[in-house]
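Below: the structure, in structure tokens.
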Amino acid sequence: MEAELNAAGIPTAEALRACGADEAYRRLLRSGARPHFIAYYVLHMALQGRPWNDCKGAEKAALRGDFDALVAEHRGLNDHGIEKNPRLHRHRPAAIKKATPRRVQPKNSMGFI
């Protein structure tokens with residue numbers, strides 16, 4: 001996680017504490033990290049000085065809602081923080097026209113044309 005935080009512009013524990021768990025995770029997403037709920041709540045637990053697996057029940061459910069909102073926000077923005085135009089940013093590649101198959105000439109018994 002240290003390398004990912006460095007790549008996101010959070011080089012020290014002090015910088016992490018200063019920006020907080022939500023902003024740190026937002027920066028991680030913008031730097032290319034894949035969304036992962038456990039990493040999100042581990043940041044919250046670490047900043048509170050609690051074991052990573054101490055998050056349970058209603059608290060975990062609330063963090064899950066916050067995580068989902070952050071991921072949704074990230075997916076709605078491009079790398080510069082500008083809202084994406086859904087018509088221009090499709091996840092599926094444009095349809096590719098099928099090439100007309102070449103005529104294959106029959107081969108003789110020796111494999112030559």
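The values are calculated or read from the model by the stated rules, or taken from the named source; none is laboratory data. Fair warning: this is a prediction, and the values are worked out from it, not measured in the lab. Ideal geometry is used to build each Cβ from the backbone, glycine not excepted, and the neighbour counts take in all protein chains shown.
A few remarks follow.
- Positions within the stretch 38-59 being surrounded by fewer than 14 Cβ atoms within 10 Å (Cβ to Cβ) and either in contact (Cβ under 8 Å) with a residue 40 or more places away in the chain or among the basic types (Lys, Arg) (or both), in sequence order: Arg50, Lys56
- Among the conditions (1) of a type outside the set (Ser, Thr, Tyr); (2) modelled with pLDDT under 90; (3) in contact with a helix residue (DSSP H, G or I) (Cβ under 6 Å, 6 or more places away or on another chain), Leu43 misses just one, which is (2).
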